[in-house]
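Q: Submitted below is the structure of interest, expressed as structure tokens.
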Amino acid sequence: MNFIATKLEGCFVIEPKIITDERGYFMESFNERTFQKGVGQEIHFVQDNQSFSSKGVLRGLHYQTGEHAQAKLVRVLQGEVLDVAVDIRPDSPTYGQFEAVVLSGENQKQFFIPRGFAHGFLVLSETATFFYKCDNFYNKESEGGLLYNDKSIGINWNFNEDDLLISEKDQNLPTFENAKKVW
């Protein structure tokens, strides 16, 4: 696996080694030792989640606060998404900045997002199956979120806003300035 550091400290794009032949392909999608060495942290995942969505579905930007904060390792099993992480760590030099990565069933890339980041994705293909690992269990009282189109963050989703499919909950998330603090 190739671990590519992003401009956001602690976030990595991970490219697997894919072995192909006339039968198809094989790849190791996760190995705890390789992963921990690549990201330079001891991360123990405790929960896997999967979602299926149609083109234009935007989920996010979500995070968990305090002792329930979560690191995530995300990937797309089928389809294509624009995956986004926003640094919400108050003492970080990249506080308020974001990283956007195209993940697909074809490129097999993964994106590691440590604790202290908001996360969301937009489905670019007709459908997408999205899979992710979390290092902490979900806790409803610790939910936080950011409005996907907050001008102070400036994410260009490269998608017609009229064609976005966003839950009512996500449409009513606070701006970066008014959001619940992660710590």
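Q: If you average over every viewing direction, what projected area does the convex hull of the Cα atoms of the range 45-171 give, in nm²?
A: Orientation-averaged projected area of the Cα hull: 7.6 nm².
Q: Further question on the same structure: Each residue of the range 4-16 in order: what ³J(HN,Hα) in whole Hz does its phi give by Karplus 6.51 cos²θ - 1.76 cosθ + 1.60, θ = phi - 60°, with x for Gly and Pro?
A: For the range 4-16, the Karplus curve yields 10, 5, 9, 5, 8, 4, x, 8, 9, 8, 10, 9, x Hz.
Q: Could I ask something else about it? Quick one: which residues, 5 or more positions from SER125 or on another chain, have an amide H under 5 Å from its amide H? H modelled 1.01 Å from N in the peptide plane, none for Pro or chain starts.
A: Answer set, sorted by chain and number: GLU80.
Q: Further question on the same structure: Along the range 115-129, what does the Karplus equation 6.51 cos²θ - 1.76 cosθ + 1.60 (θ = phi - 60°) give for ³J(HN,Hα), rounded to whole Hz, x for Gly and Pro?
A: 4, x, 10, 8, 9, x, 8, 10, 7, 9, 8, 4, 9, 8, 10
Q: While we're looking at this one, here's another question. Could you put HIS68, HIS119 in order, starting from the residue whose Cβ has the fewest other Cβ atoms within 10 Å?
A: In increasing order of surrounding Cβ atoms, one gets HIS68, HIS119.
Q: Listing LYS133, LYS55 from the residue with the fewest other Cβ atoms within 10 Å to the one with the most, what is the order?
A: The fewest-first ordering by Cβ neighbours comes to LYS55, LYS133.
Q: For the range 45-171, please report how many Lys pairs fall under 22 Å Cα to Cα, leaving out neighbours fewer than 8 apart on the same chain.
A: Final tally of qualifying lysine pairs is 9.
Q: Once phi is turned into θ = phi - 60°, what whole-Hz ³J(HN,Hα) does the Karplus curve with 6.51, -1.76 and 1.60 give for every residue of the range 62-70, x standing for Gly and Pro?
A: Using θ = phi - 60°, the values come out as 10, 7, 10, 9, x, 5, 9, 3, 10 Hz.
Every number here is computed from the coordinates shown, using simple stated rules; none is lab data. Predicted, not measured: the structure shown is a model, and the values here were computed from it. When we count neighbours, we look across all protein chains shown, and the Cβ atoms used for this are built from the backbone with ideal geometry, even at glycine.
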